[in-house]
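Structure first, commentary second.
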Amino acid sequence: MIIKKDNTFEKVGYILVLLMVMLQGFYAVLAYLDPALFSMIRGTELVVSGDADWVKIYASRTLFIALIIGYLLHLRSYKILMWAALFGVVMPVVDASLAYQAHASWLVVIKHIATVVYLLVIFFVLRVVVKKSP
């Protein structure tokens, strides 16, 4: 990993995206290994144990997203990552809504809202990086 020493925004953006990739990878593994626990963490409990298959489907898609974002980060495709962060806001907004409708604790709903803020921070940091690049 070689990052120019004079580009603080690139370093920050890289780290923010890397943390997002790691969290999504962790969520994917957790959702696959323990769907019920994962569902509770996300704010919606499994009512029927057969629904665990749907959580595992979520896990595979989450892992796919983490791998794609990780690869784009490896390539330093900051412009694509910038837009992915902005478009990715859709997911935690829906998650917050579902958690709220499921009467999850406010901490769970706030966690989803914090994810929205995190993605917007990534968008703005990478926007600076993209504007500064030749």
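When the residues of segment 98-134 are narrowed to those that are polar (S, T, N, Q) and modelled with pLDDT under 95, which ends up farthest from THR44 (Cα to Cα)? Write out each step before concluding.
As a first pass, look at segment 98-134 and keep what is polar (S, T, N, Q): 101, 105, 115, 133.
Imposing the further condition that a residue be modelled with pLDDT under 95 reduces the set to 101, 105, 133.
Details: GLN101: 9, SER105: 10, SER133: 42 Å.
Per the criteria, the residue is SER133.
What tally of residues in segment 74-92 results from selecting those that are surrounded by fewer than 19 Cβ atoms within 10 Å (Cβ to Cβ), touching a helix residue (DSSP H, G or I) at 6+ places or on another chain (Cβ under 6 Å) and not in a loop (DSSP other than H, G, I, E, B)? Give the derivation first.
Step one: of segment 74-92, the residues surrounded by fewer than 19 Cβ atoms within 10 Å (Cβ to Cβ) are 74-77, 79-80, 83, 86-87, 89-91.
Now narrow it down to the ones that are touching a helix residue (DSSP H, G or I) at 6+ places or on another chain (Cβ under 6 Å): 79-80, 86, 89.
From what's left, not in a loop (DSSP other than H, G, I, E, B): 79-80, 86.
Of the residues in that region, 3 qualify.
Inspect segment 48-65 for any residue being in a helix (DSSP H, G or I), under 16 Å from LEU19 (Cβ atoms) and aliphatic (A, V, I, L, M) and give the result as yes or no. Please lay out each step first, then the result.
Of all residues in segment 48-65, those in a helix (DSSP H, G or I) come to 49-65.
In the following step, the residues that additionally are under 16 Å from LEU19 (Cβ atoms) were identified as 62, 65.
Adding the requirement that they be aliphatic (A, V, I, L, M) leaves 65.
For segment 48-65, residues in a helix (DSSP H, G or I), under 16 Å from LEU19 (Cβ atoms) and aliphatic (A, V, I, L, M): present.
Quick check on my filter: what residues within segment 93-130 are outside any helix (DSSP H, G or I) and either on the phi > 0 side of the Ramachandran plot or among the basic types (Lys, Arg) (or both)?
Of all residues in segment 93-130, those outside any helix (DSSP H, G or I) come to 102-105.
Matches in segment 93-130: HIS103 only.
Could you tell me whether any residue of segment 34-47 is of a type in the set (S, T, N, Q), assigned to a helix (DSSP H, G or I) and modelled with pLDDT of 95 or more?
First, pick out the residues of segment 34-47 that are of a type in the set (S, T, N, Q): 39, 44.
Remaining after also requiring assigned to a helix (DSSP H, G or I): 39.
Next, only the ones that are modelled with pLDDT of 95 or more stay: none.
Within segment 34-47 (the criterion being of a type in the set (S, T, N, Q), assigned to a helix (DSSP H, G or I) and modelled with pLDDT of 95 or more), the answer is no, since none of the residues qualifies.
The values are calculated or read from the model by the stated rules, or taken from the named source; none is laboratory data. From a predicted model like this one, the values you see are computed outputs, not experimental measurements. Reconstructed Cβ throughout: ideal geometry from the backbone, glycine too, with neighbour counts over all protein chains shown.
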